[in-house]
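Written below as structure tokens is the structure these notes are about.
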Amino acid sequence: MYLRAREKSLIFIGLKFTVVLVNVVANILFIVKLKYGVSGIFAANAVSSAFALLILSPVIVRNFRPQVRKTTLFELLRFGLPYVPSGLAAVIMDLVDRFILQRLTDYTTTGIYSAGYKLGMFMALFVAAFRFAWHPFFLSVAKQENAKQIYSKVLNYFVFACSMVFLLISFFIDEIVRLRIFGFTLFGVSYWSSTRIVPVIMLSYLMYGIYVNFLIGIYLKKKTHVLPFITGTAAVINVLFNFLLIPQMGMMGAAWATLIAYFSMAAILYFVVQRWYYISYEWRKLTLLVFLSAAAFFLQRHLSFLLAPVPRLLLVLMLPVGLWIFGFFEPSAKRRILNYLAFWKR
């Protein structure tokens with residue numbers, strides 16, 4: 001948190017990458033070599049966390065002094081305690097679909113669904129990277145006169161970037177799961193059918209990213225007390241739609257229930273927070289972006305000549321071209337893009 005607050009993004013990213021690498025090595029050691037089983041996962045997490053603490057110890061010693069102020073402590077608790085029930089609701093949303101799917105179908109279906117859910121992590125990683133950078137950024141510009149305009153533009157470009165990731169992964173997901181590395185594929189043949197849920201799972205993470213964008217007013221106006229209501233409502237919606245859709249649609253029903261829940265969470269937050277901190281988002285541009293992305297997705301699904309890799313890649317690239325033509329990018333952004341392209345032509 002200190003590195004993010006100080007906008008030390010490169011150090012933060014380097015540390016995160018190193019911790020992940022240590023975690024992977026520790027998992028291999030405890031699970032594969034030492035045969036610890038499931039407990040090896042917890043041991044690996046403990047090792048990677050201890051490593052992060054060790055690396056950050058000089059920063060902690062140099063910059064933090066123990067002080068207890070009752071007023072500050074009260075403010076911290078008032079701001080932070082709502083995250084406990086909110087976090088619990090988030091855990092329920094993340095896990096309940098597989099629990100219900102297992103009860104209503106079988107272990108095989110649940111295993112295939114879990115594999116597809118992991119493939120949706122491509123979008124989850126992108127959203128997580130944005131979230132780490134977003135909090136210190138929006139706090140740093142909050143006092144600027146044009147802060148709300150900046151926040152609106154950020155949402156535009158965030159959804160655009162997510163749309164590009166969505167189309168790329170959706171169009172090439174079959175090649176990704178079949179890719180051989182040292183003679184092994186990413187998933188076994190029996191799990192290849194899980195790719196059909198990946199687009200829906202990625203859209204769920206995109207909606208979570210939009211939810212993260214809408215959190216601005218909650219932080220700036222210190223209204224975290226509403227978060228348990230919002231995430232709790234979304235968790236209930238998730239459970240209800242899982243029970244409603246899984247008997248009819250199987251694992252696709254679980255995926256759609258997840259998307260509906262995350263959409264509901266973002267929508268509820270938007271309408272609640274706009275009362276305290278109104279931001280005029282550019283819904284016309286966002287609607288254009290959604291329309292063109294959906295058109296590209298459905299064209300690829302229904303036109304046979306788009307099955308080849310090159311036409312699929314060209315279709316992905318048509319999204320920014322279409323947005324350019326229809327005015328999604330403002331003149332200043334167009335100039336920066338043209339200057340960037342001119343630089344690479346040299």
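The values are calculated or read from the model by the stated rules, or taken from the named source; none is laboratory data. Given the structure is predicted, the values throughout are model-derived calculations rather than measurements. All Cβ positions, glycine included, derive from the backbone under ideal geometry; neighbour counts span all protein chains shown.
Can you give me the ranges of the helices (runs of 4 or more DSSP H) entirely in segment 210-308 with at least 2 residues that are free of Cβ contacts under 8 Å to residues at least 12 places away in the same chain and not acidic (Asp, Glu)?
Working: elements: 216-220, 227-249, 251-273, 283-302.
In segment 210-308, the matching helices (runs of 4 or more DSSP H) lie at 227-249, 251-273, 283-302.
So, in segment 227-244, how many residues would count as being out of contact with any Pro (no Cβ under 8 Å at 6 or more places or on another chain) and either within 17 Å of Tyr117 (Cα to Cα) or surrounded by fewer than 20 Cβ atoms within 10 Å (Cβ to Cβ) (or both)?
Residues that pass the stated criteria total 10.
Scan segment 308-324 residue by residue and report those that are among the hydrophobic types (A, V, I, L, M, F, W, C) and surrounded by 11 or more Cβ atoms within 10 Å (Cβ to Cβ). I'd like the intermediate steps shown before the answer.
At the first step, the residues of segment 308-324 found to be among the hydrophobic types (A, V, I, L, M, F, W, C) are 308, 310, 313-319, 321, 323-324.
The answer is Leu313, Leu314, Leu315, Val316, Leu317, Met318, Leu319, Val321, Leu323, Trp324.
For Leu104, are the conditions met, namely being over 21 Å from Gln248 (Cβ atoms) and not polar (S, T, N, Q)?
Working: over 21 Å from Gln248 (Cβ atoms): no; not polar (S, T, N, Q): yes.
Considered against the rule, which asks whether it is over 21 Å from Gln248 (Cβ atoms) and not polar (S, T, N, Q), Leu104 comes out as no.
Checking the condition farther than 18 Å from Lys285 by Cα, buried (at least 16 other Cβ atoms within 10 Å of the Cβ) and in contact (Cβ under 8 Å) with a residue 24 or more places away in the chain, which residue from Val154, Val165, Val159 passes? Explain how you work it out, then say what you get.
Details: Val154 fails: farther than 18 Å from Lys285 by Cα; Val159 fails: farther than 18 Å from Lys285 by Cα.
Every option except Val165 fails the conditions.
Take the residues in segment 290-306 that are among the aliphatic types (A, V, I, L, M) and out of contact with any helix residue (DSSP H, G or I) (no Cβ under 6 Å at 6 or more places or on another chain), then tell me which one is nearest to Gly327 (Cα to Cα).
Step one: filter segment 290-306 for residues among the aliphatic types (A, V, I, L, M), giving 290, 292, 294-296, 299, 303, 306.
After this cut, where a residue has to be out of contact with any helix residue (DSSP H, G or I) (no Cβ under 6 Å at 6 or more places or on another chain) as well, the list is 290, 294-295, 299, 303.
Details: Val290: 14, Ala294: 18, Ala295: 18, Leu299: 22, Leu303: 27 Å.
That would be Val290.
Regarding segment 12-27, can at least one residue be identified that is buried (at least 16 other Cβ atoms within 10 Å of the Cβ), among the hydrophobic types (A, V, I, L, M, F, W, C), closer than 22 Å to Ala128 by Cα and modelled with pLDDT under 75?
For segment 12-27, residues buried (at least 16 other Cβ atoms within 10 Å of the Cβ), among the hydrophobic types (A, V, I, L, M, F, W, C), closer than 22 Å to Ala128 by Cα and modelled with pLDDT under 75: present.
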